[in-house]
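Everything below concerns the one structure shown next.
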Amino acid sequence: MSGLDQFEAGSHEFESTIDVETVRDRLAQLRVSEALIEQACKRIQGNATGVLLYGSWARGDASAASDLDLLLLAPHRADSGTDGKLSINCYSPKQFADAGQTLFGMHLARDGIVLHDTENRTAELLSKFTAPDPQDLIGRIRDFSILLELPVEEQIEYLTGLCQVARYLLRSAIYAAALGDGDPCFSVAELADRFNQPELTSLLSSHPGQYPEPSLEVLNDLKYRLSLVVGAPPSDSYETLHDLIIGSSISNPDLEKLATLALGVGEGLPYAELPKVIL
């Protein structure tokens, strides 16, 4: 079995204790606040295959309101979630390997900073990640947008989750559009400026308190903006969210998983709960 096969299988051979002091030093060099560093270091103590910093702190364009985004690779699931400005997502090595031709994987390979890496496995996989096909992405996002076309009664019942899904799809669509233009970017603020839509900075923020409260008006605005990028949603229709989940379980399992997340979410979509990265 090759090293990559062992990594993907989640072999314990490559798992090691996180060097918290090294992580602390690296974050301090990036001018992350001491309080946020301490908060992160308390949460990541233990064993992992890799720890990556991504997002605005890795790109170097973080503001006072920015989250500290960390990705942990561990064969055993650890707690994922957001705590204030700290966002931690735990992925299995298999989930991580499957991100090789996705927007998220490209984001990690392009902007991510490896803070802990057992046997250089994380860096090795990142080096093999390639850019996805932007037109394929646009088509997949358009297929997923059917989730936002439920009857109004369903939209009201699952408003928080559907707004989160719509925000995720629109953000991904704009990333895909930038990739298709030959100038990929994963900064919402930069893309808002590039497309002369300053409101996108708050509308697509992943930080609670910055994006607008869920409402039908907000959902319709997100849907309209999404349609301008990916086109009209599929003509198929479902009467309930549960019908969509059941109906797509075989024909489009990724849609099924995304719809399941929309059933009940708090302040953000738990992406790490998906069996694999879908975009």
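The values are calculated or read from the model by the stated rules, or taken from the named source; none is laboratory data. Here the structure is a predicted model, which means the values were calculated and not measured. Neighbour counts run over all protein chains shown; Cβ positions are idealised from the backbone, glycine included. For accessibility, only protein heavy atoms count, side chains too; no ligands or nucleic acids. Shrake-Rupley method; radii C 1.70, N 1.55, O 1.52, S 1.80 Å.
Take VAL152 and tell me if it is surrounded by fewer than 22 Cβ atoms within 10 Å (Cβ to Cβ), hydrophobic (A, V, I, L, M, F, W, C) and without any contact (Cβ under 8 Å) to a residue 24 or more places away in the chain. Criteria not met by VAL152. Could you tell me whether any residue of the range 110-120 is farther than 30 Å from GLU217 by Cβ and free of Cβ contacts under 8 Å to residues at least 12 places away in the same chain? Scanning the range 110-120, I find at least one residue that is farther than 30 Å from GLU217 by Cβ and free of Cβ contacts under 8 Å to residues at least 12 places away in the same chain, so the answer is yes. Here the helices (runs of 4 or more DSSP H) wholly within the range 123-210 that include at least 2 residues being within 26 Å of GLU256 (Cα to Cα), aliphatic (A, V, I, L, M) and in contact with a Pro (Cβ under 6 Å, 6 or more places away or on another chain) are 159-180. Here ASN220 does not qualify as at positive phi and modelled with pLDDT of 85 or more. Exactly one residue out of SER145, SER187 is at pLDDT 90 or above and not aliphatic (A, V, I, L, M): that is SER145. So, ASP98, is that one out of contact with any His (no Cβ under 8 Å at 6 or more places or on another chain), free of Cβ contacts under 8 Å to residues at least 12 places away in the same chain and either closer than 19 Å to LEU255 by Cα or part of a strand (DSSP E or B) (or both) or not? No, not satisfied. Screening GLY105 with (1) under 22 Å from GLU15 (Cα atoms); (2) open to solvent by 50 Å² or more (accessible area, probe 1.4 Å); (3) touching a residue at least 60 places away in the same chain (Cβ under 8 Å) gives one miss only, at (2). Can you pull out the residues in the range 228-246 that are part of a helix (DSSP H, G or I) and open to solvent by less than 40 Å² (accessible area, probe 1.4 Å)? Those that are part of a helix (DSSP H, G or I) and open to solvent by less than 40 Å² (accessible area, probe 1.4 Å): VAL230, LEU241, LEU244, ILE245. With respect to ALA166, determine if the residue is out of contact with any Phe, Trp or Tyr (no Cβ under 9 Å at 6 or more places or on another chain), of a type in the set (Gly, Ala, Ser) and modelled with pLDDT of 90 or more. For ALA166, the condition - out of contact with any Phe, Trp or Tyr (no Cβ under 9 Å at 6 or more places or on another chain), of a type in the set (Gly, Ala, Ser) and modelled with pLDDT of 90 or more - is met. Of the set (1) open to solvent by less than 10 Å² (accessible area, probe 1.4 Å); (2) within 19 Å of GLN164 (Cα to Cα); (3) small (Gly, Ala, Ser), all apply to SER87 but (1).
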